[in-house]
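Colleague: Provided herewith is a single structure, encoded as structure tokens, for subsequent inquiry.
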């Protein structure tokens, strides 16, 4: 998030524009990891993927903090964290089942890339067409 913020600034418009591409960066990282001939290169590729994930998490959380009513923020973040935990568990289980069924690292990395990149492209296309809401930056 620090690199993305330095490149694009701190505007709400940039945070929204960056969400879709951050998903694609995740997908790219997983493709590169699957294609890496060396463990060190695979580690760098996973670092790239997780940098994209960090941008998703921080920017989306910031947008929620700016837009949601302050009296329900705790509940919103509790649901967000629960959904993230459930998605992490489900993906770990699902990828484990696929690995046990004979999928190799390359196939799994392509699946991971698609699961990140396709929703990212869709999110990018949707968000660029929606108006940016007026959000007060004043604290309550």
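The values are calculated or read from the model by the stated rules, or taken from the named source; none is laboratory data. All figures in this text were calculated on a predicted structure; none of them were measured in a lab. Using ideal geometry, Cβ is built from the backbone for each residue, glycine included, and neighbour counts are taken over all protein chains shown.
Colleague: What number of residues within the range 1-18 are in contact (Cβ under 8 Å) with a residue 40 or more places away in the chain and in contact with a helix residue (DSSP H, G or I) (Cβ under 6 Å, 6 or more places away or on another chain)?
Modeller: 5
Colleague: Which of the following residues is touching a residue at least 60 places away in the same chain (Cβ under 8 Å) and either over 12 Å from the mean Cα position of the chain (by Cα) or within 21 Å of residue 122 (Cβ to Cβ) (or both): 83, 26?
Modeller: Among 83, 26, only 26 is touching a residue at least 60 places away in the same chain (Cβ under 8 Å) and either over 12 Å from the mean Cα position of the chain (by Cα) or within 21 Å of residue 122 (Cβ to Cβ) (or both).
Colleague: Within the group 73, 98, which residue is touching a helix residue (DSSP H, G or I) at 6+ places or on another chain (Cβ under 8 Å) and modelled with pLDDT under 95?
Modeller: Just one listed residue meets the conditions, 73.
Colleague: Does residue 92 satisfy the criteria of being without any contact (Cβ under 8 Å) to a residue 40 or more places away in the chain and closer than 19 Å to residue 119 by Cβ?
Modeller: Yes, satisfied.
Colleague: A follow-up question, please. Given the structure, is residue 2 modelled with pLDDT of 95 or more and either out of contact with any strand residue (DSSP E or B) (no Cβ under 7 Å at 6 or more places or on another chain) or over 20 Å from residue 99 (Cα atoms) (or both)?
Modeller: no
Colleague: Now, a different point. Output the number of the condition that residue 63 fails; it satisfies all remaining conditions of (1) surrounded by 15 or more Cβ atoms within 10 Å (Cβ to Cβ); (2) without any contact (Cβ under 8 Å) to a residue 40 or more places away in the chain; (3) more than 24 Å from residue 28 (Cα to Cα).
Modeller: (2)
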